[in-house]
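Beneath this line is the structure, given in structure tokens, with notes to follow.
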Amino acid sequence: MQGQALLWRRGGRRVVLVPTMGALHAGHESLLRRARHLAGQGGVVVASIFVNPLQFNNAHDLACYPRPTKSDRAVCQGAGVDVLFMPGTGAMRKADASTWVEETALAAGMEGAARPGHFRGVTTVVAQLLNLVLPDVAVFGEKDYQQAAVVRRMVRDLHFPVRLVVAPTVREPSGLAMSSRNAHLSAAERSRASALVRALQAARKAARSAAGVSGGGLSRLKRRLVAQMGQDARAQVEYLEFFDPQTLKPVRRLVRGARAAVAARVGRTRLIDNVGL
Ligand code: PAF
């Protein structure tokens, strides 16, 4: 992969990478089309599919992760991908590998707190993919807002010569964010799960009120939205966070420009979502 990437670069061809773990859906498709547009006519779009064991902190979750290779290939072909890069686990990381790439500030809260070691796995594998594919541009989805922020910081701190593009979340008609994990939801869970984004939209509405929400009002709003998600989605909420979009630190006053993120289990499926307020 790296040898080929070097040839493209020497030939002056723009390389655009969309790193994924497969189980491609309309959200990924929009990233791939964006990549096609960014690469232009002479450019090369590379999609990688690698279900990265380093970022799973639950063996069951890793074992159950969907791997529909045939339909993934079709999605890539339909979206104008030139090269599908599917490295094997042994090729990506030798059994005695002992090097990690870790971002330690933006990765601390939310997903980082709920899934210890998760972001260390993400940054390590993304660093590898950037070194293997040598892209000019890499495209990530805003659905994983914290991941995009952590990767952006890693790219800045380690001087990776790549530009990151973060593309908007694609939603089902109900508002539910597209995710590979939605495949695990039953029909009833799927329709209930849209209560998560409705709670985020309610937070947006509150943030747009003249003075915003602060102090006891903010705690009450959080409790109300968590209870609402518990009732409407029958969701077990892991966190509902209102945070600064740059530092990812919780905000004390909910105002326009802040962001809201949620992680919750609907049935046995863990879902995450976030919106700008
Ligand atoms: O967002 C994902 O699918 C993964 O976290 C990524 C960026 C491909 C790294 O494994």
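The values are calculated or read from the model by the stated rules, or taken from the named source; none is laboratory data. For clarity, every value in this text was computed on a predicted model and none was experimentally measured. FYI the Cβ positions are ideal-geometry reconstructions off the backbone, even for glycines, and counts take in every protein chain you see. In case anyone asks, the SASA skips ligands and DNA or RNA and just uses the protein heavy atoms, side chains included. Shrake-Rupley method; radii C 1.70, N 1.55, O 1.52, S 1.80 Å.
Reported count of residues in the range 31-43, each being in contact (Cβ under 8 Å) with a residue 24 or more places away in the chain and open to solvent by 40 Å² or more (accessible area, probe 1.4 Å), is 4.
Within 19 Å of residue 277 (Cβ to Cβ), away from the ligand (no atom under 16 Å from the Cβ) and β-branched (Val, Ile, Thr), is that true of residue 197? Yes.
When the range 62-87 is filtered for residues that are free of Cβ contacts under 8 Å to residues at least 12 places away in the same chain and either in contact with a Gly (Cβ under 8 Å, 6 or more places away or on another chain) or farther than 20 Å from residue 34 by Cα (or both), the ones remaining, listed by number, are 62, 63, 70. When you scan the range 192-203, do you find a residue that is modelled with pLDDT of 95 or more, among the polar types (S, T, N, Q) and within 21 Å of the chain's Cα centre (by Cα), even just one? Yes: the range 192-203 contains one or more residues that are modelled with pLDDT of 95 or more, among the polar types (S, T, N, Q) and within 21 Å of the chain's Cα centre (by Cα). Listed here are the helices (runs of 4 or more DSSP H) enclosed by the range 54-127 that have at least 1 residues being away from the ligand (no atom under 14 Å from the Cβ), surrounded by fewer than 12 Cβ atoms within 10 Å (Cβ to Cβ) and more than 16 Å from the chain's Cα centre (by Cα): 59-64, 69-78, 89-92. Does the range 139-157 contain at least one residue that is away from the ligand (no atom under 11 Å from the Cβ), more than 20 Å from residue 22 (Cβ to Cβ), assigned to a loop (DSSP other than H, G, I, E, B) and open to solvent by 20 Å² or more (accessible area, probe 1.4 Å)? For the range 139-157, residues away from the ligand (no atom under 11 Å from the Cβ), more than 20 Å from residue 22 (Cβ to Cβ), assigned to a loop (DSSP other than H, G, I, E, B) and open to solvent by 20 Å² or more (accessible area, probe 1.4 Å): absent.
Of the strands (runs of 3 or more DSSP E) lying entirely inside the range 197-277, those containing at least 2 residues that are free of Cβ contacts under 8 Å to residues at least 60 places away in the same chain span 235-243.
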